[in-house]
Amino acid sequence: MQTLEVKTPLVVRTLATQMNIKPFQLISKLMSMNIFASMNQEIDISIAKNVAEKFGYKLVLAKQESVKIAKPKLSIEQDILVGKKEGNLVERPPVVCILGHVDHGKTTLLDTIRHAHVAAGEAGGITQHVAAYQIEKNGRKITFIDTPGHAAFSKMRERGANLTDIGVLIVAADDGFMPQTDEALKFAQKANIPIIVAINKIDSKGANSDRVKQQMQQRNITPEEWGGKTLCTEISALQGINIENLLELIWLQAEIMDLRSDLSSPAGGIILESKVTSGHGAMASTIIQNGILKVGDCIVCGPCYCKVKSLINDRGQRIEEALASTPVNIIGWSDIPEVGSKFSLVENEKAARKQAEEVEVELKKIQSLQKNDKEEIINLDQLFSAIAAVEEKTLNVILRADVHGSMEALGDVLGTIHSKKIKLNILNCGVGSINKSDVILADTSKAQIIAFNVKTEPNSQALAKQLGVKIIQHDIIYEIADKVREAMAECLDPELQENKLGAAEVRKIFNIKNNVIAGCMTIEGKILKEKFSRVIRKKEMIFQGKFASIKREKDFVNEVRAGFECGIIISGFDTFEIGDIIECFDIIKIQPSL
């Protein structure tokens, strides 16, 4: 076994190169170990050692030596930080993730801090995207990340917790810990970040801060005032009570952590959100994690590359450069980068394009390997199962969403819809408005278009109406799920249920003009001409059909109620006997549920 000396951090691509293998081979081996990693993702040293052994290598960590790097030319904003500088490291603002249950006041807190009104603009009053904002007070900055609280957005919350320095867990004083609160706490603990608990809505009816603190103690995050180590404060985001105290706790925690960044290192960061916008094309909301990203720089993120055309800060202003911990929108991408993936600086656009193309080729190889692994010889039982699957009811859908993270959440929430009667089949998904291609694909595949928070292009709307393609649109994700359930139920064959309306007893039989007429007395309910008829003799049904005519005295009628006599002719039946019971019934179609 060969000894291989490596340095941390260990990136998949770099490790593969050092072992003289293709990155996709390393990724495939990691997948066989139930570890899913992308090309540019860092992996733990213990995992790296384990997988390296499978390729005949023994990993040894090299000793890290400090290297002197030329002093970079600093901008005015960077010069301010030089006083806090040690070597090439400068103090950076903390990245703080706001976590918690839906409607516990996360976005309202940020509104109060930023003096903005983000919550009012969110559909249904809830956050449905990951958003990042930076605030500054007395020369000190904090970057906040707001994450959705609804159950559908668990991946977004986990991603938010993983890229931050400090987690602020919002708990409503009148509600206490809820399912998504516990989930958010779990994500923060898994990411190993310090937690500050903000007990919100202390001014609301039924507020009980002590109950929340008891729940904290039960979860092993005992507040400091109760002898624990967790920073905790009571606030009212709506009234602005104790907000300054919360900010001070965040800065206190940041000072303890001594957060710093190397301005001379190559720029890099992580994708918070991505989408396509008219006029700008592919855009990504990001957090800069190291170095200085400038307009004109070339970066690569998986199979996507970008020559930075514009940098737009959280206030919508164009800026020339962004430092570590800065939230910024990057414009100029070749395609929509994957949410949660990291980007890094490269020498020039040519190198960026080449690296992105190599990643794309390798990803296709991985997909091909995965497909081959799943292909097996189909035996007779599998063949019958396949035939049965074809006969199953299926609702084909095409998904469209405003941003990549929303698409991820939409796919997750639709994946929770299960039914033994019908299968939901996602044919295609994409980011951006509904276009003609989506409508044509839906028409040819007999699919419906499910759209979250996006509009339909005018020509596409007319084409959908012409072709009869159904489009389900909504700006609240869990209401989309309800509409999809309804659409799936509508695809099922209706269940038929018999509804008895009445009965008549045959008292006399008449033969008039070649017609056999049953003289009857209506004994219950009512007899309706347009409904179905059934002849019962000695408790056994002998005929079932439709009424030809009903006559009362000399007039033809459509209805005879209980207690009245009538003459009945039934189509296709004329062998009445005294004592027969003629039942009148209807067939009701009931729309089945999933």
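Taken together, the values in this text are just the output of simple stated rules run on the coordinates, not laboratory data. All values derive from a computational prediction rather than experimental measurement. Virtual Cβ from ideal backbone geometry, glycine too; neighbours counted across all protein chains shown.
Label-point separation (nm) for His280 and Ser28, each offset 7 Å from Cα along Cα-to-Cβ?
3.9
Within 10 Å of each residue's Cβ, count the other Cβ atoms and sort Trp251, Trp226 from fewest upward.
The fewest-first ordering by Cβ neighbours comes to Trp226, Trp251.
Restricting things to alpha carbons, tell me how big the range 204-284 is in terms of Rg and Dmax, in Å.
19.7, 56
Sorted by average packing, counted as other Cβ atoms within 10 angstrom per residue and highest first, what order do 259-269, 321-331 take?
Per-residue Cβ counts within 10 Å, averaged per peptide and sorted highest first, yield 321-331, 259-269.
Is there a quick way to get the dipole size of the range 239-349? I mean about its Cα centre, with the Cβ of Lys and Arg at +1 and of Asp and Glu at -1; what is the value in debye to the nearest 20?
So the dipole magnitude of the range 239-349 works out to roughly 360 debye.
Round to the nearest 0.05 the FRET efficiency obtained for Asn558 and Ser204 when R0 = 60 Å and r is the Cβ-Cβ distance.
0.45
In nm, to one decimal, how far is the modelled label at Ser549 from the one at Val516, with both set 7 Å along Cα→Cβ?
1.8
Check which residues have an amide H placed less than 5 Å from Ser274's amide H, if you skip close sequence neighbours.
Distant-sequence amide H within range of Ser274: Ser285, His404, Gly405.
Most exposed first by the Cβ proxy, i.e. fewest other Cβ within 10 Å, how do Lys350, Lys22 rank?
Fewest to most other Cβ atoms nearby, the residues stand as Lys350, Lys22.
Tally Lys and Arg at +1 and Asp and Glu at -1 over the other residues with C-beta under 15 Å from the C-beta of Val51: what net charge comes out?
Once positives and negatives cancel, what remains is +3.
Pop the C-beta distance of Lys483 and Asn138 into the FRET formula with R0 = 60 Å and round what comes out to the nearest 0.05.
0.80
Along Cα→Cβ, 7 Å out, is where each label goes; now give me the distance between the ones at Arg537 and Met257 in nm to one decimal.
Roughly 8.9 nm, to one decimal.
Which percent of Cα-Cα pairs in the range 275-316 sits in each 5 Å bin, short to long?
5, 16, 31, 32, 13, 3
In the calculated pair distance distribution of the range 263-358, what percentage of Cα-Cα distances lie above 21 Å?
19
Provide Cys298, Cys304 in ascending order of the number of other Cβ atoms located within 10 Å of each residue's Cβ, fewest first.
Ascending number of Cβ neighbours within 10 Å: Cys298, Cys304.
Pulled fully out, how much extra length does the chain show between Ser419 and Ala462, if you take 0.36 nm times their separation in residues and subtract their Cα-Cα distance?
12.2 nm
Taking every eigenvalue of the Cα gyration tensor of the range 438-581, multiplying by 5 and rooting it, what semi-axes result, largest first, whole Å?
54, 16, 14
Can you check how the C-alpha radius of gyration of the range 382-491 compares to 2.2 N^0.38 Å, as a plain ratio?
The reported ratio for this selection is 1.07.
Set the Förster distance to 56 Å, then compute FRET efficiency between Asn20 and Ile472 from the Cβ-Cβ distance, nearest 0.05.
The pair Asn20/Ile472 has a calculated efficiency of 0.65.
From the Cα trace of the range 256-298, what convex hull volume per residue do you get, rounded to a whole Å³?
91
Among residues other than Ser236 whose Cβ falls under 9 Å from its Cβ, what is the net charge (Lys/Arg +1, Asp/Glu -1)?
Overall, the nearby charge balance is -1.
Any chance you could list the semi-axes, whole Å, largest first, of the equivalent ellipsoid that the Cα gyration tensor gives for the range 2-61, using √(5λ)?
In descending order the semi-axes read 15, 12, 11 Å.
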